[in-house]
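S.K.: Handing you this structure, nothing more for now.
The values are calculated or read from the model by the stated rules, or taken from the named source; none is laboratory data. Everything quoted here is computed from the prediction, not taken from an experiment. Methodologically, a virtual Cβ is constructed for each residue, glycine included, from the backbone with ideal geometry; neighbour enumeration extends over all protein chains shown.
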């Protein structure tokens, strides 16, 4: 599994992220060819090698001839969806713009469909966001992780006037993302940068376990006196399906146990990777239940909201965990009773575990009027043969 880690000690913007991916090795000519599929004119791309303190990286700059263009989310969605870009690039790009539209809509009290983008509707921001999606597709990235994000402080001039840093839309986008304080008096994370990490990152924290393959440095336009104004992208491979998860837990001793099954179904239906209940002894010698939920970090807040709404919990603790998964595949075997799917787990290409699909065996057993264990045994025998 290919992992991209975005290390953002001085924040993130669309152009810095794009620069770090080009510095890593994304072919600029290929990127420009793909961007032409958008059928947007009036811009040029320029890259240069620049130094920020002791770090040398790539600067990415989009120059345009258009005035500030007020595009709606629908305008941008139609622009992207009507192109001949790969499906994955379209989906990633539209997801980023949709998240930004939802944030802008909440700030201004209107539907995200009615939001008119200002700075982010301009050609340079469209190139940054779609360019990042193209780069990820070219690099064949499976998972993105990021460091906690500094937002900066002070004030910034926008089309809505002078606003405090972080700008309201940036702060709304970044909800659920770990942030760190900074004394640097400028906007370190832009709305474009915020929506990139919010949409793409599956988790936040230290660099995940992986074998590092490529590194790229993207530098910002300003040369800060406090720190190098640069972010870096680290591409690596996690052997055996390494994955970073969020584990959420809560102890419950006052809930109708009939609700447990429904709660599990809700959480799994909303994207939880696993949900289980453990009997525990709580204070005052009360028997209770420990609810544990495993999920991608990006789903944490949404699933935690379900835990609060659907249970009697008044507090959920959570932490990050690493897990390693074996490669999995499904094959079909023929038995005297019918065809059964078998799930196989592989380690370094070798099968180390195989189990017949229970639901297949159950359906066949009911149809053939035989014990389900006989169907399971027949599937195992067919697999051995």
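S.K.: With respect to residue 215, is the statement that it is touching a residue at least 12 places away in the same chain (Cβ under 8 Å) and either buried (at least 22 other Cβ atoms within 10 Å of the Cβ) or farther than 27 Å from residue 86 by Cβ (or both) true?
M.R.: Spelling it out, it is not the case that residue 215 is touching a residue at least 12 places away in the same chain (Cβ under 8 Å) and either buried (at least 22 other Cβ atoms within 10 Å of the Cβ) or farther than 27 Å from residue 86 by Cβ (or both).
S.K.: In addition: Run down 90, 74 and say which single residue is in contact with a helix residue (DSSP H, G or I) (Cβ under 7 Å, 6 or more places away or on another chain) and closer than 28 Å to residue 140 by Cβ.
M.R.: 90
S.K.: Further question: Would you mind finding the one in 4, 79, 21, 35 that is buried (at least 16 other Cβ atoms within 10 Å of the Cβ), in a strand (DSSP E or B) and in contact with a strand residue (DSSP E or B) (Cβ under 9 Å, 6 or more places away or on another chain)?
M.R.: On inspection, the qualifying residue turns out to be 4.
S.K.: Just name the residue that is surrounded by the most Cβ atoms within 10 Å (Cβ to Cβ) out of those in the stretch 254-271 that are within 24 Å of the chain's Cα centre (by Cα) and closer than 19 Å to residue 314 by Cα. Quick ask: steps written out before the conclusion?
M.R.: So the first thing to find is which residues in the stretch 254-271 are within 24 Å of the chain's Cα centre (by Cα), and the list is 264-271.
Applying the additional criterion that residues be closer than 19 Å to residue 314 by Cα yields 264, 266-267.
Working: 264: 18, 266: 17, 267: 23.
Out of the qualifying residues, it is 267.
S.K.: Would you kindly identify the strands (runs of 3 or more DSSP E) lying entirely within the stretch 171-269 that contain at least 3 residues that are assigned by TED's automatic domain parsing to the domain that holds residue 296 and out of contact with any helix residue (DSSP H, G or I) (no Cβ under 9 Å at 6 or more places or on another chain)?
M.R.: 243-252
S.K.: Still on this model: Name the single residue, out of those in the stretch 157-166 being part of a loop (DSSP other than H, G, I, E, B) and modelled with pLDDT of 85 or more, that is surrounded by the fewest Cβ atoms within 10 Å (Cβ to Cβ).
M.R.: 165
S.K.: Inside the stretch 369-385, can you point out the residues that are exposed (fewer than 14 other Cβ atoms within 10 Å of the Cβ) and either under 11 Å from residue 356 (Cβ atoms) or in contact with a helix residue (DSSP H, G or I) (Cβ under 7 Å, 6 or more places away or on another chain) (or both)?
M.R.: 371, 373, 381
S.K.: In addition: Only one of these conditions is not met by residue 190: (1) closer than 22 Å to residue 301 by Cα; (2) within 22 Å of the chain's Cα centre (by Cα). Which number is it?
M.R.: (1)
S.K.: Go through (1) at pLDDT 95 or above; (2) under 21 Å from the mean Cα position of the chain (by Cα); (3) farther than 30 Å from residue 377 by Cα for residue 299 and report which single condition fails.
M.R.: All conditions pass for residue 299, except number (1).
S.K.: Which condition breaks for residue 294 when tested against (1) within 16 Å of the chain's Cα centre (by Cα); (2) modelled with pLDDT of 95 or more; (3) in the same structural domain as residue 128 (by TED's automatic domain parsing)?
M.R.: All conditions pass for residue 294, except number (3).
S.K.: Please verify whether residue 360 is surrounded by fewer than 13 Cβ atoms within 10 Å (Cβ to Cβ) and either at positive phi or outside the structural domain of residue 255 (by TED's automatic domain parsing) (or both), treating the condition exactly as stated.
M.R.: no
S.K.: How many residues are surrounded by 14 or more Cβ atoms within 10 Å (Cβ to Cβ) and farther than 30 Å from residue 185 by Cα when one looks only at the stretch 218-239?
M.R.: Looking only at that region, the number is 3.
S.K.: Does at least one position in the stretch 270-282 carry a residue that is part of a helix (DSSP H, G or I) and either in contact with a helix residue (DSSP H, G or I) (Cβ under 9 Å, 6 or more places away or on another chain) or assigned by TED's automatic domain parsing to the domain that holds residue 251 (or both)?
M.R.: The first filter runs over the stretch 270-282 and keeps only residues part of a helix (DSSP H, G or I), leaving none.
No, because not a single residue in the stretch 270-282 is part of a helix (DSSP H, G or I) and either in contact with a helix residue (DSSP H, G or I) (Cβ under 9 Å, 6 or more places away or on another chain) or assigned by TED's automatic domain parsing to the domain that holds residue 251 (or both).
S.K.: So which of 31, 113, 136, 79 is closer than 27 Å to residue 175 by Cα and at pLDDT 90 or above? Spell out how you get there, then give the answer.
M.R.: Values: 31 fails: closer than 27 Å to residue 175 by Cα; 113 fails: at pLDDT 90 or above; 79 fails: closer than 27 Å to residue 175 by Cα.
Unique residue meeting the criteria: 136.
S.K.: Got a sec? Which of 134, 110, 129, 102 is assigned to a loop (DSSP other than H, G, I, E, B) and assigned by TED's automatic domain parsing to the domain that holds residue 183?
M.R.: It is 110.
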